[in-house]
Every structure is written in structure tokens, then in C-alpha cells.
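The values are calculated or read from the model by the stated rules, or taken from the named source; none is laboratory data. What you see is a predicted model; the values in this text were computed from it and never measured. Reconstructed Cβ throughout: ideal geometry from the backbone, glycine too, with neighbour counts over all protein chains shown.
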Number of protein chains: 2
Amino acid sequence: MIVDLLKPEFDELIEAKDWVALKDILNDVPAVDVAKLLEELEAEVAIVIFRLLKKQKAADVFTFLSSGKGMELLDMFTAQQLSDVMSNLEPDERVSLMEELPGNLTQRVMNSMEVEDRKQVQKLLGYPEESVGRLMTPRYVKVRRDWTIQKGMNNIRKFGQSAETVNVIYVVDRDEHLIDDLRLNQLILADPEAPISSLMDESFEALSAFDDQEDAVKMLSKYDRVAMPVVDSDGILVGIVTVDDIIDVAEEETTEDMQLMAGMDVLDDYYSQTTIFEMIKKRIGWLAFLFVGQLFTTTAMGAYESVIANAVFLSLFIPMIISTGGNSGTQAATLIIRALSTDDIDMNEWLKVLGRELLSGLMLGLIMAVIGFFVIIGWGYMTSDTLTQELILSAVVVGLSLIGVVLWGNLSGSMLPFALSKMGLDPAVTSAPFVSTLSDVTGIIIYFSIAIALLEGIVL
Amino acid sequence: MIVDLLKPEFDELIEAKDWVALKDILNDVPAVDVAKLLEELEAEVAIVIFRLLKKQKAADVFTFLSSGKGMELLDMFTAQQLSDVMSNLEPDERVSLMEELPGNLTQRVMNSMEVEDRKQVQKLLGYPEESVGRLMTPRYVKVRRDWTIQKGMNNIRKFGQSAETVNVIYVVDRDEHLIDDLRLNQLILADPEAPISSLMDESFEALSAFDDQEDAVKMLSKYDRVAMPVVDSDGILVGIVTVDDIIDVAEEETTEDMQLMAGMDVLDDYYSQTTIFEMIKKRIGWLAFLFVGQLFTTTAMGAYESVIANAVFLSLFIPMIISTGGNSGTQAATLIIRALSTDDIDMNEWLKVLGRELLSGLMLGLIMAVIGFFVIIGWGYMTSDTLTQELILSAVVVGLSLIGVVLWGNLSGSMLPFALSKMGLDPAVTSAPFVSTLSDVTGIIIYFSIAIALLEGIVL
């Protein structure tokens with residue numbers, strides 16, 4: 001990484017207050033690396049360094065700062081700096097900044113914006129959170145079907161500077177309805193005198209401004225595009241979504257899924273940017289909820305208290321039985337959640353999945369039963385050097401129980417994501433801890449039912 | 001989705017054998033949707049439909065087919081069709097196809113390729129699997145610093161048709177060393193008579209052909225690019241990696257991470273494309289390994305067999321104690337694995353993380369202790385209507401144990417990813433089942449140690 005190489009030289013120049021040399025270096029370093037350098041400096045020093053950057057570069061660097069550092073600097077900006085940074089941000093970046101701002105800063109920042117920009121921000125903020133409308137930028141280049149390609153290219157030269165991408169050009173009619181999309185290289189490679197319409201195939205894919213951002217990720221990945229047009233409910237072109245914004249959305253969605261799947265609430269920021277108190281708040285809810293859920297397991301075990309009292313050795317195998325059920329459930333839940341979220345399987349395929357997981361759960365359970373039986377026998381023989389009746393009976397009970405718990409874990413783990421999704425919840429709520437807790441109580445019931453059936457009259 | 005809308009019409013046309021109308025429709029439908037339609041047809045019908053597509057479109061459709069369907073069609077192609085499809089695939093797509101082919105097909109396909117293409121494939125296959133070299137395409141446009149921009153644009157017009165992207169243009173010296181990258185709009189917006197060098201800033205980021213594909217994902221997302229150049233160890237430009245390939249790699253990497261984190265081996269294909277036997281093979285290993293690991297828990301419990309015999313009620317709380325430890329560990333492990341894989345934290349920050357997780361684990365444990373105490377008291381009172389001495393003692397033991405198990409779960413869950421990574425393993429191997437199994441044995445020891453210390457002389 002450039003940033004690690006430059007760090008010492010950079011520190012030296014700050015020490016020496018050699019701003020001229022710093023300015024030279026900084027404008028050659030990518031914005032993301034400058035942000036990383038600023039991140040480690042005191043706000044008072046960082047703001048001086050920030051002033052050395054060109055306006056556009058300063059805005060770029062700003063978008064790469066962590067929100068904590070960003071707020072700190074924002075608060076220290078002069079009115080002019082504020083206006084420079086805000087007017088050089090992309091509209092979608094401006095919106096996501098506005099969302100994070102504390103109340104007192106919002107007003108100051110809004111005032112620093114030009115009227116046009118302020119209108120744009122207010123409009124974008126009108127779309128629901130996590131919607132494509134919040135992600136899109138109105139900075140695209142459009143052309144009309146009756147123009148010549150030459151005229152189209154002139155338009156690109158004129159508006160291209162302020163567009164977020166010129167790789168895709170949009171064709172609209174008189175009422176601004178989107179009618180086609182063209183790639184820049186199509187225009188470059190064609191005869192300049194031909195009309196735009198000669199390049200058109202009238203086939204295009206567009207997103208709705210009200211679609212979920214997740215849909216944008218899927219569409220861009222499915223159609224291999226660098227940008228996708230966004231239309232309102234009347235088919236009017238209102239913006240574009242570019243692939244670089246999408247990569248970030250996809251990464252965030254994945255992180256959210258993983259946190260849900262770990263049995264906790266979704267963090268509002270990166271791990272490194274989350275305070276310990278915030279972290280505890282996000283984790284304690286599920287921990288406590290699942291603990292209370294375990295009362296069912298405790299109650300179930302309470303029903304078998306006399307069985308345990310008569311055959312204490314049975315209790316030794318409880319953790320291995322219930323954990324194996326939980327493991328099988330965790331595997332199944334993760335497979336299904338991921339397959340659903342990558343559109344590998346559809347919601348209406350649940351019956352097919354049920355059939356598959358019934359079969360594979362049964363087979364996994366049978367294999368585990370055989371393994372379990374011999375492992376228990378082997379372990380017992382190694383630890384006590386004899387094969388007691390207790391040991392052999394335990395091995396049989398454990399083996400038979402494993403068929404039940406693995407099968408049940410598999411079924412509940414694979415069906416829960418469908419059920420939660422049907423209820424309008426994120427299927428990723430089927431966390432490993434949640435599935436395990438559910439399998440624990442069933443595991444206890446399966447295990448003791450089999451034990452009683454088999455051992456009644458022998459040791460019970 | 002277009003595909004669902006067209007399906008009935010499409011089926012009708014096939015039924016009527018109206019190939020002319022089909023051909024018209026098919027060439028307007030995006031390749032990904034044509035692939036989806038073909039996927040559901042018998043191979044004999046699919047191959048007829050396939051013949052209706054234009055050469056380039058046919059190749060595009062082919063890349064979107066599942067590997068099973070792809071092989072099926074490949075096997076039925078005539079030599080001419082084979083050669084058409086192969087020569088219209090991107091080099092990176094050709095390589096990934098070659099890798100999947102069974103031996104008998106490989107030879108046939110290799111023979112169908114033109115000499116140049118065959119050389120390229122063999123060269124790309126020389127890079128390690130999962131390396132950037134396997135992902136890159138040699139189809140880019142390059143220019144020289146002393147050319148005029150006009151000459152550069154002519155070169156783009158000439159080679160642009162066969163390039164995978166013309167959005168970024170690469171500047172190389174006489175020895176093919178990469179010296180800069182330019183965006184196409186820079187060229188378009190500049191004076192045609194100016195030299196290429198007037199646009200250059202001599203600052204560019206490049207990947208090495210031997211880098212891991214994960215690095216490519218990180219770089220493209222970090223620098224917000226649509227394409228990244230790839231150089232060999234001498235700095236010679238050997239290819240480019242484009243963002244659309246990267247989205248697929250990122251998605252695959254995430255799926256792999258999630259499967260590891262669920263305690264199973266990584267699937268070779270999508271869930272829907274994996275046979276039940278394959279699935280069982282990928283899952284049984286970890287299930288059995290973790291089951292055997294649970295022998296430690298069983299052995300630990302065996303050491304406390306006489307304690308359980310004297311105070312059976314203690315055994316009722318075992319599942320809730322060990323599961324809470326596992327849940328805390330799962331949360332911590334997931335947070336750290338994700339933070340490491342998104343570069344939010346570095347490997348060398350492990351000590352900082354340890355400090356954080358020590359503190360948050362302790363606080364979570366204390367809160368859980370209070371909750372646990374009252375939950376047990378409440379539950380006991382509800383189920384038996386009196387507060388027995390046993391119940392109060394249990395509540396105290398459970399409460400105190402929770403501090404220990406939550407803290408331990410948190411520490412092991414957060415440190416294991418670092419440890420595994422240090423050992424050269426994927427940190428995602430710290431699966432929820434793995435962490436839970438580790439916490440189970442510790443949970444048992446903590447719980448019974450506290451029980452003995454507190455209850456000795458009272459009920460033991």
C-alpha cells in the first residue's frame with residue numbers, strides 16, 4: 001500500500017511544516033490513501049493538510065474518511081471550505097452525508113449548498129431509505145434519437161466533465177422517457193454522420209427509483225453493466241446507479257447478513273468505528289432472548305430429572321447430542337440463506353428444498369449414527385479399559401438419537417429462512433445461535449425419549 | 001424478469017417450430033435471459049435454439065449457462081459450432097471453461113480453437129488457480145506517450161471492437177511496461193492534437209498476475225475503477241481485470257466464507273447445482289470432527305459425574321450455560337472475520353481487538369449474569385410456586401458462570417480468526433459450530449468449578 005510507504009516521509013514534512021512539498025505529494029496520492037493518512041492525524045493538523053488539496057480532490061478524500069473523522073473536520077470547516085466540499089461531492093454522496101449529520105450541523109451544511117444542490121438533496125431524501133433513489137446520481141449524459149452521432153458526441157464533450165460516467169449514454173424522448181441505452185464505444189466506433197437511432201436496439205434494462213438497493217446489486221451483476229438507468233413510475237429517466245456504488249452496497253448487505261446470521265443486531269458502522277457500548281447494545285438483545293429461549297430446554301430436562309437421577313451417565317452425552325443437531329441446522333440454514341440471497345433458489349422452491357433436505361438429513365443422520373456409536377464405544381474403552389453395559393447402551397442411545405437430531409436440525413435450519421421470509425423478515429435472522437437453540441430442546445426430547453424406550457427395565 | 005414474461009410465447013413458438021419468429025425474439029433478449037430459457041429445455045431442443053443465435057450472442061449465452069447444461073450442449077456441438085463459440089468467448093471465460101471440462105472434451109475443445117487462442121489459454125492456465133492471472137483478459141487498448149490524442153483515438157476505433165472495455169486506455173513504453181492509465185473520457189474531452197503525455201499523471205495502480213483474486217476485488221472496490229491493469233513481475237502489462245468479473249468473484253468469495261463459517265467444506269458449485277451426495281460429502285467431515293471434539297465435553301462432564309449424582313438439578317442448566325458461551329463466541333468470531341476480510345482491521349491489530357473484546361466480554365457477561373439470575377428465579381417460581389434453596393443456589397451459580405462463559409466465548413471467538421490466519425488458514429474456518437464446540441468444554445469446567453466452590457458443604 002502506498003500509504004505505508006509514504007507515512008514516514010509525510011510525518012517528516014508535517015514536522016518541518018514544509019507545506020509546498022506536501023501539496024505536491026498529496027495531489028499525486030490516490031484520494032483513498034490521503035484519507036487514510038488524515039485519519040491518523042489530530043483534527044487540527046488534518047484540517048491544515050486538507051486545505052492543501054485541490055477542491056475536487058478534497059471532496060474525494062472527504063468521501064473516504066470515516067464518519068467520525070468526517071464530522072470532526074466538517075465542524076471545523078470555514079463556510080467557504082464547507083461550500084467547496086459540498087459542491088464537489090456527487091449527489092448520492094451528499095445525501096448519505098446529510099443522513100449521518102447531527103442536527104446542529106445539518107442546518108449549517110444545507111445553508112452552504114447552492115440552491116440547485118439543495119433541491120437535489122431534498123428530492124433524493126424523498127425516496128425510502130435503502131432504495132435505489134437514494135443511491136442514484138442525476139449526473140448522466142442523455143441524447144435524442146434524431147440527433148446525429150456527431151451531435152451526441154458534442155453533447156458528451158459538453159456535459160461529460162460533470163457526469164459520473166460517460167461509459168453509458170441514455171436516449172430519451174421529448175418527455176424524458178428512457179427509450180434506450182448506448183455504450184460510449186458504440187458511438188465512438190460508428191459513423192459520425194449516422195443518426196443516433198441507427199445504434200438503437202430499443203432493448204434496455206432499468207431500475208425503479210423505489211426498488212430496493214439489493215435489486216440494483218442483482219441487476220448490475222446479472223447484466224454485467226457499469227451503470228444502470230433509474231426511472232420513476234412513469235418511465236421517466238431520473239438518474240443512474242453506477243457499479244462502484246454497487247460494490248459498496250453489496251459489501252454492506254453481506255456484512256448485515258453475516259451479523260444477523262451470527263445472532264446479533266446489524267451494526268450501524270464498521271467494527272472499528274463502533275464504540276464498545278454501541279457493540280454491547282447490538283449484542284445483548286439476542287444473547288438475552290436466546291438465554292430465555294433456553295428455558296424450554298431446561299424445562300424439558302426438568303421433565304427427565306428422575307431419569308438422570310437413575311442413570312447419571314446419560315447426562316454426559318447431552319452436550320454432544322444437542323450440539324450436533326445445532327451444527328447440522330447451522331449448515332442447512334446458511335446454505336439456504338445464501339442460496340436465497342444470491343437468487344440461486346426461489347421462495348416458491350421450498351417444497352423441493354424440503355424434499356432434498358429431508359433426504360440429505362436422513363443420510364447425514366444415519367452416517368453420524370454409525371460414527372457416533374463407534375466413537376462412544378472407542379472413547380469408553382480408552383478411558384475405562386472395559387466395555388460396561390452402561391457404555392454399550394449409551395452408544396446405542398446416542399447413535400439412534402443422532403439420526404433424529406441431525407434430521408430435525410436440517411429440516412428446521414432449511415425451512416426457517418423460508419418461513420421468516422414469508423413473514424416479511426430477513427431470512428438471515430435464522431442465525432446459527434437461533435437454530436441451535438431451537439434444536440436444543442428438540443434434541444433433549446429426542447434423546448430422552450429414545451433412552452427411556454430402550455433402557456426402561458434395564459437401568460431405569 | 002423478461003424471461004418469465006416471454007416463457008409462454010417462447011414455448012408456443014417452439015411447439016409451432018416457428019424458428020424465424022424465435023430468431024427475431026431471441027436476438028433482442030439479453031444473453032442471461034436466453035440462458036435461463038435454454039436451461040429449462042431438453043438438450044436436443046436447446047441445441048436447435050442455440051443455432052438461431054448470432055455467433056457473438058451464442059458465446060455470451062454460453063457463459064451464462066450452468067456448467068451441467070453447458071457440458072451437455074458442448075458435447076453435442078458440431079466442430080464448426082465449437083469453434084464459433086470458443087473463438088467468441090473472452091479469454092478469461094475460455095480458461096474457466098477449460099478448467100471444468102472432463103478429459104475427453106478438453107482435447108476436442110482445444111483442437112477447435114485457433115492457434116493464437118490456444119496459446120493464450122495455455123498461458124493463462126500457467127497462473128495459479130484463484131490468481132488474478134486466471135481472471136484477466138488480454139483484450140485491452142494500449143497507446144504510447146508520444147502519440148497524439150487523435151492517433152490514440154484511431155487506435156481505439158481500430159482495436160476497440162475486440163476489447164473487453166475501452167473505458168480505460170493504457171499507456172505503455174517501448175518494452176511494454178505499463179506507465180499510466182487514462183480514462184476514455186479524458187481522451188474524448190481533450191484537444192485531439194495534444195500528445196498523450198499531456199494527459200498523463202504517471203500515477204496508476206496495478207495488480208500482479210500472481211495476486212490472489214481477492215486482492216483484485218479489494219483494489220477495484222477501493223479505487224472505484226471499472227478495470228485494473230495486470231502486470232507481470234517485470235512491470236510489463238499482461239492484461240486487465242474488469243469490474244463485472246470482479247462482482248462474480250466477490251460473490252463467490254462471500255459464499256465460500258459463509259459456508260466455512262457454517263462449519264462445512266466449500267461447495268464447488270451453487271446449492272441448486274450440487275447433488276445430494278456431493279452435499280453430504282461436504283458436510284459430514286466437519287459434523288463428525290466436531291462430534292469427536294465433543295468428547296472433551298463428555299470427558300469433562302464425566303469428571304463431575306458424582307457432583308451431578310448429588311445434585312441432579314445442576315444438570316438442567318448445562319445447555320443454557322454452554323449455548324450462551326457459544327452464542328457470544330459466534331458473535332465475536334463473525335464480527336472479526338468480516339472486519340478482517342473487508343480490511344476494516346489489520347492482522348497486527350489483534351492486541352487492540354483483544355483489549356476491546358476483553359472489556360466488552362466482561363460487560364456482556366455481567367449484564368447476562370444479572371439477567372440470568374432473575375430469569376432463573378422467575379422461571380423457578382413460575383413452575384413450582386415456591387423459592388427452594390436449590391433454585392436460589394442454582395440462580396447464583398448460573399449467574400456467576402455466565403460471566404465466565406460469555407467472556408471466554410468472546411475471547412476465543414475473537415482471537416481464533418487471528419490465530420488461524422497466522423497459521424495460513426482462512427480465518428472463516430472459525431465457524432459458529434467450531435467456536436461453540438470449543439466453548440462447550442470450557443463452559444462445563446467453569447460451571448462445575450463455580451458450583452463446587454459455592455455448594456460444597458451445602459448440597460454437595
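Assorted remarks:
- A single entry from A:Leu53, A:Leu41 fulfils the requirement of being surrounded by fewer than 18 Cβ atoms within 10 Å (Cβ to Cβ), outside any helix (DSSP H, G or I) and aliphatic (A, V, I, L, M): A:Leu41.
- Selection status of A:Leu351, touching a helix residue (DSSP H, G or I) at 6+ places or on another chain (Cβ under 7 Å) and either facing another protein chain (nearest Cβ under 10 Å) or free of Cβ contacts under 8 Å to residues at least 40 places away in the same chain (or both): no
- Hits in region A:95-114 - residues which are touching a Leu at 6+ places or on another chain (Cβ under 8 Å) and either modelled with pLDDT of 75 or more or aromatic (Phe, Trp, Tyr) (or both): A:Val95, A:Leu97
- Test result for A:Asp117, under 22 Å from B:Arg225 (Cβ atoms) and either at pLDDT below 80 or in a strand (DSSP E or B) (or both): no
- All positions within region B:300-312 that are of a type outside the set (D, E, K, R) and within 7 Å of chain A (Cβ to nearest Cβ): B:Met301, B:Gly302, B:Ile308, B:Ala309, B:Val312
- Annotation: B:Ala333 fulfils all but one of (1) more than 21 Å from B:Pro433 (Cβ to Cβ); (2) within 10 Å of another protein chain (Cβ to nearest Cβ); the unmet one is (1).
- Options B:Asp18, B:Asp60: the member that is in contact with a helix residue (DSSP H, G or I) (Cβ under 9 Å, 6 or more places away or on another chain), surrounded by 19 or more Cβ atoms within 10 Å (Cβ to Cβ) and modelled with pLDDT of 80 or more: B:Asp60
- Residues that are surrounded by 15 or more Cβ atoms within 10 Å (Cβ to Cβ) and in contact (Cβ under 8 Å) with a residue 60 or more places away in the chain within region B:140-175 comprise B:Tyr140, B:Lys142, B:Glu164, B:Thr165, B:Asn167, B:Val168, B:Tyr170, B:Val172, listed in sequence order.
- Residues that are farther than 22 Å from A:Gly133 by Cβ and modelled with pLDDT of 90 or more, drawn from region A:197-207: A:Ser197, A:Ser198, A:Leu199, A:Met200
- Helices (runs of 4 or more DSSP H) wholly inside region B:148-249 containing at least 2 residues that are more than 32 Å from the chain's Cα centre (by Cα): B:149-159, B:184-189
- Selection status of B:Val20, farther than 26 Å from B:Arg108 by Cα and assigned to a helix (DSSP H, G or I): yes
- Complete set of residues in region B:239-259 that are β-branched (Val, Ile, Thr), in contact with a Lys or Arg (Cβ under 9 Å, 6 or more places away or on another chain) and more than 8 Å from chain A (Cβ to nearest Cβ): B:Ile240
- Taken over region A:37-91, the criterion of being touching a residue at least 60 places away in the same chain (Cβ under 8 Å) and within 24 Å of B:Asp343 (Cα to Cα) is satisfied by A:Ser66, A:Ser67, A:Gly68.
- Residue list for region A:273-299, filter: farther than 28 Å from A:Leu393 by Cα, facing chain B (nearest Cβ under 8 Å) and in contact with a Leu (Cβ under 7 Å, 6 or more places away or on another chain): A:Ile276, A:Ile280, A:Arg283, A:Ile284, A:Leu287
Okay, residues lined up against (1) among the hydrophobic types (A, V, I, L, M, F, W, C); (2) in contact (Cβ under 8 Å) with a residue 60 or more places away in the chain; (3) in contact with a helix residue (DSSP H, G or I) (Cβ under 7 Å, 6 or more places away or on another chain):
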residue	(1), (2), (3)
B:Ala300	yes, yes, yes
B:Ile308	yes, no, yes
B:Ile318	yes, yes, yes
B:Leu335	yes, yes, yes
B:Gly355	no, no, no
B:Tyr381	no, no, no
B:Thr386	no, no, no
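- When restricted to residues that are under 19 Å from A:Gly325 (Cα atoms) and either in contact with a strand residue (DSSP E or B) (Cβ under 9 Å, 6 or more places away or on another chain) or not basic (Lys, Arg) (or both), region A:335-376 contains 26.
- 3 or more residues buried (at least 19 other Cβ atoms within 10 Å of the Cβ) and not β-branched (Val, Ile, Thr): qualifying helices (runs of 4 or more DSSP H) within region B:289-399: B:318-341, B:350-384
- Filtered by the rule that a residue be charged (D, E, K, R) and over 37 Å from the mean Cα position of the chain (by Cα), region A:432-460 gives a lone residue, A:Glu456.
- Region B:379-416, subset under 17 Å from B:Ser449 (Cβ atoms) and either polar (S, T, N, Q) or in contact with a strand residue (DSSP E or B) (Cβ under 6 Å, 6 or more places away or on another chain) (or both), residue modelled with the highest pLDDT: B:Ser401
- Condition check for B:Val217: of a type outside the set (Asp, Glu), within 30 Å of B:Glu90 (Cα to Cα), modelled with pLDDT under 90 and in contact with an Asp or Glu (Cβ under 6 Å, 6 or more places away or on another chain): no
- Test: A:Val34 is of a type outside the set (Gly, Ala, Ser), in a loop (DSSP other than H, G, I, E, B) and either in contact (Cβ under 8 Å) with a residue 24 or more places away in the chain or crowded, with 19+ Cβ neighbours inside 10 Å (or both): no
- Residue check, A:Ser341 more than 8 Å from chain B (Cβ to nearest Cβ), touching a residue at least 12 places away in the same chain (Cβ under 8 Å), polar (S, T, N, Q) and more than 28 Å from B:Ile377 (Cα to Cα): yes
- Meets criteria (modelled with pLDDT of 85 or more and out of contact with any strand residue (DSSP E or B) (no Cβ under 6 Å at 6 or more places or on another chain)) for A:Ala194: yes
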